[in-house]
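Where a number appears in this text, it was derived from the coordinates with a stated rule and is not lab data. Keep in mind that what you see is a predicted model, and the values were worked out from it rather than measured. Glycine also receives a Cβ, built like all others from the backbone with ideal geometry; neighbour counts cover every protein chain displayed.
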Amino acid sequence: MFKTHSHRTMDMTEGPILTKVLFFSLPIMLSGILQLLFNAADTIVVGRFVGRQALAAVGSVGSLNNMIISLFVGLSIGVNVLVARYTGAKDNERVSETVHTAVLLSVVGGSILTIIGLIAARPLLEIMGSPEDVIDLAELYTRIIFVGMPVQMLYNFSAAILRAVGDTKRPLYFLTIAGVINAGLNLVFVIAFKMSVAGVALATIISQAVSAVLVTRSLMLMDGPTKLYFKRLSIKPHIMREIIQIGLPAGIQSCMFSLSNVVIQSSVNSFGSVVIAGNAAAANVGNFVYQAMNTFQQAVTCFAGQNIGARKPRRVLTSMYVCLFWAFLFGVVLGLLSCAFGAQLLSLYSTDADVIQVGLNRMYFVCGPYFLCGIMDVMTGVLRGIGYSLLPMIVSLMGACVFRIFWVMTVFAANRTMDCLMLSYPVSWALTFAVLIIIFIVLWKKVQKRYTPEELAAR
């Protein structure tokens, strides 16, 4: 019924893992960096050409927006794992069902997010304690961004399908095009038309729409079971159930991470617009470090998923070790470089000396030990790839989320400084990573019992 996969896809169940992980990961890394440039371009343009309040407005809503969309983005992880698993098992019919269910689910989910964002923007910003000189601009930015949620979700789900079969280059090309459009429109809307935060938000959703159209078209032109047919679009209950079983815990985990960041952002907001702006600029720089490391979480999820489907557990372990190494290396090198050149990087976002100093303080506490977050995420990714999504959610929820909220209510309450607040990040990463290691060791013993001695030895 189906043709074979196109040459753009990758069989992760054969061949050397070290090189395949790199070939797979680097386009994802560049894609993620380009996606971050959407936000960075917004932040730089408003910081340079509008002012401190506008910069604070864009920065103050980042954690809120992430919290709202993370639940649905988590479902794309479920799509990724399923497509990878069924591809490894060569179950073409299930691959096709997953593709068509996922695409329709993304549009429906994105539409729900648009409604939520339009209704809840102002009340949530008020709960977060956004300052009076920022909240109107923050509300406007949030409402416009959420109008574009259907196309953002469509891109995320479709790109997850491509990554699951090893095609990481085309999402990179599409985001390159979208990134150029976003940067160009930012300058036109803000500088030429004086549209302030509305201009950068509008530029973002237009560029996201372009990337969504391109990635959807690529699925329509695919060979094999990943080919998209509009007439086959339907939500298969059994597929949706599997996507939710894997993706919902991942989404809840991301959502809770974002919630803990909202709690921290609320504490940041209490220090005023200068601190908000500096924190936002530093967070943008740190996001680039995080994206480089997070690439290997995505890689290990795909490699583990395909090899579990192909019944090659040894390759799962090798994939994990390789991804842990690269996440650690990128985290250490990029974290230290960002601290060393922090002032120069932050000056791209703002020329205000006070804003830059606040940003530097955050980077020392967050970017320096960022490698802890990278290796923590790899452990989460491998557990999802082998089919365990609920446990890493619970561990991450307790270790990184509940702990941070507890920290804000106790340690920070006793010592209300930004340094004390930022220290909650590395401490929570270290604790969570330690527990995830223990969880993996226990679960892997159970996984090994499913395989014959020959399968356990297969390379």
Leu329 versus Leu233: modelled label distance in nm, points set 7 Å from Cα along the beta carbon direction: 4.3
Nearest-0.05 FRET efficiency for Arg450 and Thr417, computed from C-beta distance (R0 51 Å): 0.50
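Can you tell me the order of 109-118, 123-132 when each peptide is scored by its average per-residue count of other Cβ atoms within 10 angstrom, highest first?
Numbers: 109-118: 17.9, 123-132: 15.7.
Listed from highest to lowest mean packing, they are 109-118, 123-132.
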Least to most buried among His100, His238 (fewest other Cβ within 10 Å first): His238, His100
Reciprocal mean inverse distance between Cα atoms of region 216-354 - Kirkwood radius, Å: 19.1
Folded to 0 to 90 degrees: helix 313-340 orientation relative to the chain principal axis, Cα: 20
Candidate lysines - alpha carbon under 25 Å from Lys445, same-chain residues fewer than 8 apart omitted: Lys312
Footprinting exposure proxy for Arg404, Arg170, Arg85 (fewest neighbouring C-beta atoms within 10 Å first): Arg170, Arg404, Arg85
Mean Cβ count within 10 Å, highest first, over the residues of peptides 419-427, 150-158, 339-347: 150-158, 419-427, 339-347
Residue order, fewest to most beta carbons within 10 Å, for Ile438, Ile206: Ile438, Ile206
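Would region 175-224 count as rounded, prolate or oblate if I go by the C-alpha gyration tensor, calling it rounded below 1.5 in a/c and otherwise prolate when a/b exceeds b/c, oblate otherwise?
Cα axes put region 175-224 in the prolate bin.
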Separation of alpha-carbon centers, region 196-217 and region 56-79, rounded to whole Å: 16
Potential lengthening between Leu390 and Ala120 on full extension [0.36 nm per residue; Cα-Cα distance subtracted]: 94.4 nm
Sum of -39500 (n - 2.57) over DSSP H runs of 4+, divided by residues of the chain (222 nm, nearest 500): -27000 deg cm²/dmol
Cα-projected label distance for Met220 with Met409, points at 7 Å along beta-carbon direction, nm: 5.1
Structure-derived Cα extents along the principal axes in Å: which label, when the choices are [x] 80, 57, 56; [y] 85, 71, 47; [z] 63, 46, 36: [z]
Dipole magnitude (debye, nearest 20) for region 264-416, charges at Cβ of Lys, Arg, Asp, Glu: 680
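Which net charge results for the neighbourhood of Leu345, defined as the other residues with beta-carbon distances under 15 angstrom from its beta-carbon, given Lys and Arg at +1 and Asp and Glu at -1?
Working: positive: Arg48, Arg362; negative: Asp352.
Surrounding charge for Leu345 is +1.
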Acute angle (nearest 10 degrees) that the helix 273-309 long axis makes with the longest principal axis of the chain, alpha-carbon atoms: 0
Leading residue at positive end of dipole, the chain (Cβ point charges), from Pro225, Val358, Thr318: Pro225
